[in-house]
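Comments concern the structure below.
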Amino acid sequence: MRRSPFLTTAMLVIGGVLPTGLAADELLDRIDAQRPKYVEIASKIWRWAEVGYREVQSSSLLADELEAAGFRVNRGVAEIPTAFVAEFGSGKPVIGILAEYDALPGMEQEAVPTKQPLKSNKAGHACGHHLFGTASTWSAITVKEELVAKKLQGTLRLYGCPAEEGGSGKVFMVRSDLFKDCDVVLHWHPGSENRAGLETNLANISGKFRFRGKAAHAAGAPHQARSALDAVMLFAHAVDLLREHVPQETRLHYVITNGGNAPNIVPDFAEVYMYARHPDPKTLDGIWTRIEKCAEGGAIATETTRSLELVGNTANLLPNDALAKLLDKHLRAIGGVTYSAEETAFAEKLRPSLLRPELPALTDAAKVKSIGEDQRYGSTDVGDVSWAVPTGGFSTACVFPGVPMHSWQAVACGGTTVGHKGMVIAAKTLTLATLELFNDPKQVAAARESFDKRRAGKSYQTRFPKEQKPALNYRDSGIAP
């Protein structure tokens, strides 16, 4: 079988022929031929770097591509202007693919191996969502073409999912029953390795604690003031002390998004943006209750008032054994990435800026790691989808081994051929796995069986109150509402 220029292992897809009867190398060559188009799309989204719930250009670009390809596109779903669902076909099975496209604030960076902020923006794709959304769209359009060519039955959906970075966009999409009749959902994520996942992660609650006091001259009349900043400082100190008295898997972190405007004015408003995470949502609920008491204590001690805007609330991932095996098979068939001399030189210039002295070899990006049921310490609103419908995911090497996500180095990699190569691997893997689901009812049934077994005896309920709407302005940190 003819190998793609991006492959490092031989193709192993059912003797070189897909269940549809189409030769695998022909399909993969067709994907390769579309690479310039989708690299351009990913590059535009990388350059725009729109933060959560403000991905107007990014979501429109992907939705327009899908609409032009013949998908029925429903925009502004779940009361979110930048969320959409693109659908093609009819009947069963219903197979969904997730797409994300939000950037992170304060992560602006040029596509160079030294720290050089991108002056035209104040955000950056430090988690590779420009690649995520583009590869998913690329795959969906490729699968759609195959459904038409082979007259296959079923419904294909691409879910345009905004604000994964803290905004919990998918939670509101789940709550709006957009996944209700879906049989299987697939997703992927940029990373520093190639791997199909059975891992779980941390449930997450986040919110903005706001304190209001009274302003006065900090030198001339401090006794007439009540400092909102003092309340924030006491709250933060109480949270820091709380770290000793929570389960060790817990993660607590915050930023002070407003601490006042001038040193000679006692602040009458201050805000702290707080995250709490734990593997078990019920345990996390108890931890969050204690965090709220920390805020209450800060307000009482300073004679200020407090309020809370709940921003994020996501569940832990529910792994799916059958889908992990399916994705692992196709990811191994595609293989990892190898770096050119130019890319290797880029990596060597980047390495000194990393804090870890023990870095993996660049050749690790060419490997596909074994499925492992690990505990990961990040969070994602894909977790809520995974409790609603059988869900499987994988990662591909879109940054050099050893480069952490949510860093300027990740932004730099994502804007180059390093990220683009990982995106190609993802598009191919998603395409092959999705086509097998459409062609083999046993795979869909196995995914459901795994889902039912993993979820047995457990319950899921979106933890947002019924009246809670998406925090569309959650990136307006520190502005007194």
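Around the Cα centre of the stretch 203-313, unit charges on the Cβ atoms of Lys, Arg, Asp and Glu (plus for the first two, minus for the last two) sum to a dipole of about 120 debye. The Stokes-Einstein estimate for the stretch 317-452, based on a Kirkwood radius over Cα pairs and taken at 20 °C with 1.002 mPa s viscosity, is a diffusion coefficient of 130 µm²/s.
Kindly express, to the nearest 10 degrees and within the range 0 to 90, the angle between helix 228-242's C-alpha long axis and the longest C-alpha principal axis of the chain. Here the helix axis deviates by roughly 60 degrees. Summing charges over neighbours of Glu146, with a neighbour being any other residue whose Cβ is under 15 Å away from its Cβ, gives -1 when K and R count +1 and D and E count -1. Mean 1/r over all different Cα pairs, inverted: what Kirkwood radius does the chain give, in Å? About 23.3 Å for the chain.
For the stretch 299-350, the gyration tensor built on C-alpha atoms gives an oblate shape. Its axis ratio a/c (a ≥ b ≥ c) is at least 1.5, and a/b is not larger than b/c. The alpha carbons of the stretch 203-313 stretch over 50, 23, 18 Å along the principal axes, in descending order.
Which FRET efficiency value, to the nearest 0.05, do you get for Arg356 and Ala68 by plugging their Cβ-Cβ distance into 1/(1 + (r/R0)^6) with R0 = 45 Å? It comes out at approximately 0.55.
Short-range pairs are left out: with C-alpha atoms under 8 Å and at least six residues apart, the relative contact order of the stretch 104-206 is 22 percent. So how tilted is helix 56-68 from the main axis of the chain? Cα-based, degrees 0 to 90, rounded to 10. The angle comes out at about 20 degrees.
Relative to the longest principal axis of the Cα atoms of the chain, helix 24-33 runs at roughly 50 degrees. Residue separation of Val148 and Glu40 scaled by 0.36 nm, minus their Cα-Cα distance, works out to 36.3 nm of gained length. In this simple spin-label model, placing a label point 7 Å from the Cα along the Cα-to-Cβ direction at both Ala456 and Ala341 gives a separation of 5.8 nm. Each of Thr250, Gly298, Leu308 was scored by the projection of its Cα onto the charge dipole of the stretch 203-313, and the greatest displacement toward the positive side belongs to Leu308; charges sit on the C-beta of Lys, Arg, Asp and Glu. For the pair the stretch 398-456 / the stretch 150-208, the C-alpha centres are spaced 11 Å from each other.
Every number here is computed from the coordinates shown, using simple stated rules; none is lab data. Remember, it's a predicted structure, so these values are computed and weren't measured experimentally. Because the Cβ atoms are built from the backbone with ideal geometry, glycine has one as well, and the counts that use them run over all protein chains shown.
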